[in-house]
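Here the structure is laid out as structure tokens; the discussion comes afterwards.
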Amino acid sequence: MDKIISLCKRRGFIFPGSEIYGGLANTWDYGPLGAQLKKNVKDLWWKTFVERRLDMVGIDAAILMNPTTWEASGHVSGFSDPLMDCKSCKSRERADKLIEKWIHENSSEERPRNWAGEKTPAKDLLEFINDKKIPCPICGKTNWTEPKAFNLMFKTRQGVVEEEGKDIYLRPETAQGIFVNFKNVLETTRKKLPFGIAQIGKAFRNEITPGNFTFRTREFEQMEIEYFFDPDSSPWQEVFEMWKKDSLNFVTDILGIKKENLRLRDHEKDELSFYSKGTTDIEYKFPFGWGELCAAGAYRTDYDLKQHEKFSGKNLSYLDPYTNKTFIPHVLEPSFGADRVTLAVLLSAYEEEQLEEETRIVMKFKPDLAPLTLAVLPLVNKLNEQAEHLANDLLKNYRVDFDTSGSIGKRYRRQDEIGTPFCLTFDFDSLNDNAVTVRDRDTMKQDRINISALKEYIDRKLFD
RNA sequence: GCGGUACUAGUACAAUGGUAGUACGCCGCCUUGCCAAGGCGGAGACACGGGUUCGAUUCCCGUGUACCGCUCCA
């Protein structure tokens with residue numbers, strides 16, 4: 001991981017956030033190459049799941065939403081943990097988990113008053129803990145502060161005058177932007193079930209412990225789909241299997257992440273969200289361990305639409321034109337993290353090759369995913385001007401770099417480190433034969449290609 | 001949030017209570033004839049703030065950031 005972080009900084013993929021001011025914890029800025037790489041990831045996702053499917057459409061909803069949205073979704077009350085501090089040793093524990101553990105260890109059936117897990121009132125949790133003298137697992141004393149609900153949503157204010165503003169939240173997930181627009185999309189696109197709505201956008205969560213580079217950050221970008229269906233005509237397991245397969249194909253075939261570094265993991269019952277009937281994660285083997293790339297399909301049932309119907313008073317049901325049945329559609333949610341997928345692409349592409357007297361670092365991105373498609377390299381400085389004309393001509397079709405600094409071998413190495421699949425060397429013969437030497441990063445083979453045939457040659461390799 | 005460790009050029013590392021070095025990288029010039037050639041020249045760092053001291057990058061305190069552990073993870 002240190003190698004990747006260092007390479008990212010050195011070559012302009014990812015920088016520490018607000019670095020000149022000493023940084024801001026857990027923020028990362030994408031540099032020129034990283035921004036392009038992440039954009040390529042998002043573009044390929046959008047192409048795969050929106051543009052190339054008849055049963056999918058895309059939207060781009062606002063990050064700021066009417067606060068009632070979050071009451072309906074359960075985030076205001078449920079998206080928080082009852083945390084308390086041990087006054088003796090200053091450690092922090094989750095009150096509900098501590099109680100559950102105690103109940104389990106003591107084989108007790110007894111529970112606090114109003115017991116509803118993490119949503120139990122704080123004073124009932126504390127009363128139970130003090131009553132049973134549940135000790136601090138660190139220091140063994142029972143000396144707790146009252147549990148406080150730590151809401152994981154970022155709060156801000158709408159309105160320029162601080163006191164008069166209305167509290168609003170930065171969305172903790174993009175999904176709700178889709179649900180609140182369900183009716184609008186249905187009416188404007190005339191889609192029939194089953195169909196899905198996709199969205200790419202930022203979400204914000206006050207995670208207690210972020211970390212591992214860009215893997216878990218408080219500001220992150222999601223690529224989410226809500227796929228609506230009638231559970232009577234399409235059983236959720238079928239929809240689920242389809243999305244599991246399609247999601248996995250995206251990761252392996254489109255992004256080129258190796259299968260041996262991937263695994264599917266079904267969520268255990270106790271880690272499922274309260275609304276969810278099932279989820280499978282696609283996990284990638286990060287240097288710090290297995291980590292989720294994608295929740296291949298959380299089955300959210302009809303929970304969200306029902307909640308929004310209840311809180312908004314608007315009718316969000318679907319009238320099936322064939323059966324005349326009116327019902328609230330069920331939802332399956334395949335959700336990708338754009339930042340962690342991009343990180344997995346970076347890690348997955350990283351290779352070191354031992355050459356005779358040195359090590360060559362090469363980022364083997366799939367050609368269409370690479371930040372730069374090709375680099376034009378004049379063999380010597382005398383050819384710079386003509387080569388630059390070629391580079392400019394190629395810009396209309398490809399992402400092009402132009403490098404004149406240092407020997408030709410050194411420039412090949414630079415492009416290796418940033419994963420550029422093709423290097424075009426413009427030499428003295430090029431002036432006469434109108435051809436360049438194309439060097440393929442993966443095969444290390446060289447072909448002499450006429451400039452007029454370049455597009456055909458590169459496109460063939462790009463879509464291989 | 002808690003505890004521990006660390007912080008020196010773009011990166012990786014040295015050294016030092018009194019002028020901060022090395023390698024690679026970067027820039028310019030000369031050179032160049034397809035896989036990190038060479039020569040010359042150049043830019044570039046003590047995370048931030050305070051204290052002790054004649055003098056602090058070095059010692060002390062605070063802040064920031066990162067890493068490890070705990071905790072947490074819709």
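The values are calculated or read from the model by the stated rules, or taken from the named source; none is laboratory data. All values derive from a computational prediction rather than experimental measurement. We place every Cβ from the backbone using ideal geometry, glycine too, and count neighbours over all the protein chains shown. Heads up: the accessible areas ignore ligands, DNA and RNA and are worked out on the full protein's heavy atoms, side chains in. Shrake-Rupley method; radii C 1.70, N 1.55, O 1.52, S 1.80 Å.
Residues that are more than 37 Å from the chain's Cα centre (by Cα) number at least 3 in the following helices (runs of 4 or more DSSP H) confined to the range A:350-464: A:384-394, A:430-433. Filtered by the rule that a residue be among the aliphatic types (A, V, I, L, M) and open to solvent by less than 30 Å² (accessible area, probe 1.4 Å), the range A:297-324 gives A:A298, A:L305, A:L316. Looking across the range A:77-103, the residues that are modelled with pLDDT of 70 or more, in a helix (DSSP H, G or I) and either open to solvent by less than 20 Å² (accessible area, probe 1.4 Å) or more than 16 Å from A:W144 (Cα to Cα) (or both) come down to A:A95, A:D96, A:L98, A:I99, A:E100, A:K101, A:I103. Can you tell me which of A:F402, A:F428 is open to solvent by 30 Å² or more (accessible area, probe 1.4 Å) and touching a strand residue (DSSP E or B) at 6+ places or on another chain (Cβ under 6 Å)? From the options A:F402, A:F428, the qualifying one is A:F402. Where strands (runs of 3 or more DSSP E) sit wholly within the range A:1-76, those with at least 3 residues that are in contact (Cβ under 8 Å) with a residue 60 or more places away in the chain occupy A:56-59.
Just to check your reading of the model, which residue among A:A370, A:A387, A:A375 is more than 12 Å from RNA strand B (Cβ to nearest atom) and touching a Ser or Thr at 6+ places or on another chain (Cβ under 9 Å)? Quick ask: steps written out before the conclusion?
Details: A:A387 fails: more than 12 Å from RNA strand B (Cβ to nearest atom); A:A375 fails: more than 12 Å from RNA strand B (Cβ to nearest atom).
Just a single option satisfies the conditions, and that option is A:A370.
Is it the case that some residue within the range A:67-76 is at pLDDT 90 or above and of a type in the set (A, V, I, L, M, F, W, C)? Yes, the range A:67-76 has at least one match. Test A:T373 against the criterion of being at pLDDT 95 or above and under 22 Å from A:T359 (Cα atoms), and give yes or no. In short, no.
Just so you know, in the range A:261-289 the residues that are at pLDDT below 90 and open to solvent by 90 Å² or more (accessible area, probe 1.4 Å) include one that is nearest to A:G196 (Cα to Cα), and it is A:K277. Restricting attention to the range A:201-214 and to residues that are more than 9 Å from RNA strand B (Cβ to nearest atom) and farther than 23 Å from A:P82 by Cβ, the residue that is surrounded by the most Cβ atoms within 10 Å (Cβ to Cβ) turns out to be A:T214. Scan the range A:110-129 for residues that are modelled with pLDDT of 75 or more and over 30 Å from A:E173 (Cα atoms) and the total you get is 8. Kindly check whether there is at least one residue in the range A:153-164 that is crowded, with 16+ Cβ neighbours inside 10 Å, within 30 Å of A:L264 (Cα to Cα) and of a type in the set (A, V, I, L, M). Within the range A:153-164, one or more residues are crowded, with 16+ Cβ neighbours inside 10 Å, within 30 Å of A:L264 (Cα to Cα) and of a type in the set (A, V, I, L, M).
State all residues of the range A:402-416 that are near RNA strand B (Cβ under 8 Å from one of its atoms) and either hydrophobic (A, V, I, L, M, F, W, C) or touching a helix residue (DSSP H, G or I) at 6+ places or on another chain (Cβ under 6 Å) (or both); if no residue qualifies, say none. A:D403, A:T404, A:I408, listed by residue number. Looking at the range A:301-322, I want the residues that are in a loop (DSSP other than H, G, I, E, B) and have a partner that is loosely packed, with under 11 Cβ neighbours inside 10 Å with Cβ atoms under 8 Å, at least 6 apart or on another chain. Which pairs are those? Short answer, once both residue conditions are applied: A:S317/A:T326; A:D320/A:T326.
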